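Asker: My questions all concern the structure below.
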Amino acid sequence: MHDNTQNAQQAHRNGIEMPRPTAAPIIISFGAMCMASGLVLNWMFSAVGLIVFFAGLIRWIYILATGTGEELLPIGARPQPVRQSRVQVEPLRPGMPGHRMRIPDKVHPVSAGLKGGAIGGIAMAVTALSYGLFSGRGIWYPVNLLGGMIIPSIGTWTDEQLGEFDLLSLFLGTMIFVVTALGVGLMFGILLPTMPRVPILWGGLVAPLLWTGAIYGFMGILNPPLSEHVDWSWFFASQFAYGITVGIVVIRSEKIPVGGFRS
């Protein structure tokens with residue numbers, strides 16, 4: 001026991017034990033990412049990710065079990081003691097020279113996002129219903145497709161059935177539509193004015209592209225047969241109409257003073 005204590009003290013004087021570098025955690029993370037992406041892209045990603053995940057996990061368990069997860073690093077020069085200074089530094093405040101923070105005097109109100117979401121929802125609904133009318137599938141076609149996000153059986157309907165009126169699909173589709181339009185509009189109202197350059201470009205082009213891609217990916221999980229009935233060009237057109245409308249409403253809204261700001 002005495003010899004072990006002396007050896008530990010000698011090792012402590014010669015160095016310090018630190019975790020040994022290992023790539024196991026990042027390998028596990030990469031494998032988990034591949035498994036998750038396989039749910040949207042292809043099952044092969046999940047298969048490869050599972051192998052990579054367990055390879056990293058086994059390596060990490062081996063390091064911990066064999067006690068090789070630490071190494072003795074030599075100690076360099078001793079750190080100098082910290083000396084306290086009594087010099088007082090005046091904190092920077094908005095408006096003082098050298099202060100990099102910029103607080104706007106006025107911002108768009110939260111109500112602008114809700115208003116934009118409501119008006120943008122009308123524009124999106126008109127575009128979607130116009131597709132059902134001009135394509136000959138009926139105005140209830142896009143409504144039933146929206147209800148199919150919750151009702152899996154709608155994915156097995158024919159085009160004729162999707163063009164017919166269904167009360168449950170109308171109710172669920174309306175609820176999804178209203179909540180999504182107002183929620184995304186609120187998010188637009190907060191984020192859109194902070195976008196660089198031309199904010200309307202983000203709302204009218206970038207956001208619809210991202211939103212369409214996300215819906216396309218998630219529909220393959222929620223209701224894969226339903227994606228075969230969706231005309232994605234018209235879907236993007238409806239998202240474009242929504243994004244442009246929300247962007248115009250938010251940007252043109254009257255700004256209000258920031259509460260509590262002192263110039």
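Readers should treat all values here as calculations from the given coordinates under stated rules, not as data from a laboratory. Everything quoted here is computed from the prediction, not taken from an experiment. Reconstructed Cβ throughout: ideal geometry from the backbone, glycine too, with neighbour counts over all protein chains shown.
Asker: So how do SER169, SER111, SER153, SER227 line up by other beta-carbon neighbours within 10 Å, fewest first? All intermediate terms of the calculation are to be shown ahead of the outcome.
Answerer: Details: SER169 22, SER111 12, SER153 9, SER227 18.
With the sparsest Cβ surroundings first, the list reads SER153, SER111, SER227, SER169.
Asker: Still on this structure, I have one more. In µm²/s, what is D for the stretch 106-256 at 4 °C and 1.567 mPa s, where D = kT/(6 pi eta Rh) by Stokes-Einstein and Rh is the Kirkwood radius from Cα pairs?
Answerer: On the way: Rh = 15.8 Å.
In µm²/s, the coefficient rounds to 82.
Asker: Okay, moving on. Output the relative contact order of the stretch 14-71, whole-number percent, from Cα pairs under 8 angstrom with separation of 6+ residues.
Answerer: Details: 62 pairs, mean separation 25.5, N = 58.
Contact order relative to length: 44 percent.
Asker: Arrange ARG83, ARG20 by Cβ neighbour counts within 10 Å, fewest through most, would you?
Answerer: Numbers: ARG83 5, ARG20 11.
Ascending Cβ contact count within 10 Å gives the list ARG83, ARG20.
Asker: Another question, then. Quick one: order ASP159, ASP166 by neighbouring beta-carbon count within 10 Å, fewest to most. If you can, show how the numbers build up before the last one.
Answerer: Values: ASP159 12, ASP166 18.
So the ranking, lowest neighbour count to highest, is ASP159, ASP166.
Asker: Now for a different question. Would you pull out the residues with amide H under 5 Å of VAL107's amide H, same chain only if 5 or more places away, H placed 1.01 Å from N?
Answerer: Here ILE256, VAL258 satisfy the definition.
Asker: Spelling out what I want: for every residue of the stretch 129-144, take phi, set θ = phi - 60°, compute 6.51 cos²θ - 1.76 cosθ + 1.60 (Karplus), and round to whole Hz; glycine and proline get x.
Answerer: 5, 5, 4, x, 6, 6, 7, x, 8, x, 6, 7, 4, x, 5, 5
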